[in-house]
Amino acid sequence: MATWQGKTRGGVAGYLTFIFILKYLGLNFAYFILRFVVVYFVLFAPLARKSLWFYFRKIHGWGFWKSFIGLFRNFYIFGQTLLDKVALLSGVTTKFTFDFDGEEHLRKMALEGNGGMLIGAHLGNWEIAGQLLDRLETRVNIVMLDAEHQAIKKLLDAVIQKREVNIIPIKPNSFEHLFAIKEALFNNELVVIHGDRYIPENKTVTKLFMGREADFPLGPFQLATKYNKPVTFVTAVKETKRHYHFMATSPKVYSNKPGPQRKQQLTLIMSDYISWLEDKVAKYPYQWFNYYYFWKLLK
């Protein structure tokens with residue numbers, strides 16, 4: 001089974017082109033050009049195309065033509081979310097609207113001053129709604145895999161306005177991020193991490209997800225139960241051309257209990273997360289952005 005290697009496909013030239021278009025020709029024109037880019041990726045990104053085809057056909061049980069159209073629609077929405085992120089966070093345009101469903105949960109976590117964990121997924125566009133975190137008046141730490149192409153990271157850092165968040169990078173064969181997360185939680189800060197993706201050296205556990213077995217990383221959930229901090233599941237989905245819906249669940253503490261109960265708490269948090277994610281995938285099937293074989297293939 002193919003696994004994700006920590007890198008998002010796309011070259012520096014492509015990013016530069018779209019940044020230029022956004023600055024001088026606008027978001028609508030960038031959306032238009034994106035249509036041609038989508039055709040390219042459908043034709044020449046075989047792993048993404050095949051894994052997405054499997055997702056539509058086997059996970060959702062869609063027919064041929066609905067799945068075929070779904071390929072283009074998924075790639076197009078994904079491209080839009082990338083453009084939206086750069087357009088909004090670089091100040092090119094602020095003409096986006098948001099619904100914040102569960103914002104009160106995050107504000108409560110911030111006001112109580114006990115810190116907590118926000119666990120998300122690669123569904124929708126979490127980063128564009130990250131502006132909400134800036135106004136929570138508490139320190140926010142975002143855990144990110146440090147495997148992206150360095151030139152692309154530097155390019156995006158140059159155009160995206162600075163945000164009041166701290167990035168905790170996950171580096172291969174390093175445990176530095178674990179100490180940084182521990183320090184953040186001990187300082188009663190918020191930690192944002194995804195619970196649906198891993199790189200080969202990570203520990204995983206196989207769970208039933210959308211009717212089929214899939215591997216999930218243990219790390220985020222072990223951290224959540226270890227430090228007795230409130231946990232909320234979060235995502236932000238694109239509902240119309242310029243409108244996003246941010247959602248956060250009510251915070252819950254999964255206690256670090258001794259003995260067998262510790263394993264029960266780990267099982268419980270993963271069960272809650274998977275149920276939450278299944279609901280979101282069913283409601284927003286075109287915004288699943290894991291472009292590799294996420295589910296185990298039947299032999």
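Nothing in this text is a laboratory measurement; each read-out follows from the coordinates by a stated rule. Keep in mind that this is a model prediction, so the values were computed, not measured. Ideal geometry is used to build each Cβ from the backbone, glycine not excepted, and the neighbour counts take in all protein chains shown.
Points to keep in mind about this one:
- For the pair the stretch 243-299 / the stretch 68-110, the C-alpha centres are spaced 20 Å from each other.
- Amide H contacts of ASN125 (H built 1.01 Å from N, under 5 Å, at least 5 apart or other chain): ALA236, VAL237, LYS238
- Relative contact order [Cα under 8 Å, 6+ residues apart], the chain, whole percent: 26 percent
- Taking the DSSP bridge list for the chain and keeping only pairs wholly inside it, about 40 percent are antiparallel.
- Within the listed set PHE32, PHE98, PHE18, the residue fluctuating most in the Gaussian network model of the chain (springs between alpha-carbon atoms under 10 angstrom) is PHE32.
- Expected 222 nm ellipticity per residue - DSSP helices of 4 or more, -39500 (n - 2.57), all of the chain, to 500: -14000 deg cm²/dmol
- Taking amide H as placed 1.01 Å from N in the peptide plane, the amide H of LEU218 sits under 5 Å from that of LYS203, THR204, VAL205, each at least 5 places away or on another chain.
- With the charge dipole of the chain set up from +1 on Lys and Arg Cβ and -1 on Asp and Glu Cβ about the Cα centre, the Cα lying farthest toward the positive end among the listed residues TYR244, LEU297, LEU16 is that of LEU297.
- Inter-part distance where the stretch 219-239 and the stretch 187-212 are each reduced to a Cα centre, Å: 9 Å
- Most fluctuating residue given options LYS207, LYS252, LYS283, as computed from a GNM of the chain linking Cα atoms under 10 Å: LYS283
- With the alpha-carbon atoms of the chain aligned to their principal axes, the span from lowest to highest coordinate is 56, 48, 36 Å, starting with the largest.
- Note that the stretch 226-299 carries a Kirkwood radius of 14.8 Å, evaluated over its alpha carbons pair by pair.
- Under 5 Å from the amide H of ASP99 lie the amide H atoms of TYR244, HIS245, PHE246, each residue being 5 or more positions distant or on a separate chain, with H modelled from the backbone and absent for Pro and chain starts.
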